Every structure is written in structure tokens, then in C-alpha cells.
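The structure under discussion appears below in the form of C-alpha cells.
Just so you know, all these numbers are worked out from the coordinates, no wet-lab data involved. Keep in mind it's a predicted model, so treat the numbers as computed, not measured. When we count neighbours, we look across all protein chains shown, and the Cβ atoms used for this are built from the backbone with ideal geometry, even at glycine.
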Amino acid sequence: MQTHEIISIKESELVSLIKTMDTEALEKHARNIMKDMGSTDYAGIMGKIMKTMKEGQNLNLSPFERVQNLLKDNLPNEAYMSDIYARLATLVMIIISRKFNTLYEQKK
């Protein structure tokens, strides 16, 4: 699957597709979307997101909204599609969740 398909696929299909993708593929698509939006600092943006979530900043917003806002604030190019931040936030949250679960399982 190409990144442009992730961006343009129907939301209902995207959810099913994301569930079947491995973490490496999700990261590839997240990196590509971030790059298209003007940033090659995938690790830095992910670090900011994890730090913000850990510190509980902006608690008046849902975690999903916090991630979207962080992406908007850290990606230099404005989105060309209205739901691109939501799609990217979904990818990012799943990536973080899977990595956290992997670390948790390794510590058991």
C-alpha cells in the first residue's frame, strides 16, 4: 500500500487496514506524511508527542485532540486535506500504543 492511499482511502476502510498493518509499515506511512508536510524529524515529533502525553499537558482535550494539535504545531506545511491530521494522529497513536505494549511484554 502506498502512502497516498492511506491519505485518500475511506475512513471505514482505513480503520480495517490499519489493524492489519505491522508497526514498521505504519511508521513508514507516518514518516512519509510528515515529510510531505515539511518535516523530516519523525523521531523528534514522536518524542514531543510522548512527552506531552506522559506529562498530561492539555488535559482539557482528549488524547487524540492533543496529538492532532501537536502535529499541527510541529509540521510546517499546512494540510491539504481537512482530515490529514486526524489520519496521521491515528497512525501515531497506534504506533505508540504498539511500541508501549511491546516494551511492557518484554518486561514481563
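Given (1) crowded, with 16+ Cβ neighbours inside 10 Å; (2) free of Cβ contacts under 8 Å to residues at least 40 places away in the same chain, identify the lone condition not met by E105.
If we test E105 against (1) crowded, with 16+ Cβ neighbours inside 10 Å; (2) free of Cβ contacts under 8 Å to residues at least 40 places away in the same chain, just (1) comes out false.
If I ask for residues that are of a type in the set (G, A, S), touching a residue at least 24 places away in the same chain (Cβ under 8 Å) and outside any helix (DSSP H, G or I), which ones from segment 65-90 would you list?
Within segment 65-90, A79 is the sole residue that qualifies.
Which count do you get for residues in segment 41-72 that are loosely packed, with under 11 Cβ neighbours inside 10 Å and under 14 Å from the mean Cα position of the chain (by Cα)?
Qualifying residue count for the region: 1.
Looking only at segment 7-37, which residues are in a helix (DSSP H, G or I), free of Cβ contacts under 8 Å to residues at least 24 places away in the same chain and farther than 18 Å from D83 by Cα?
Those that are in a helix (DSSP H, G or I), free of Cβ contacts under 8 Å to residues at least 24 places away in the same chain and farther than 18 Å from D83 by Cα: K19, T20, E24.
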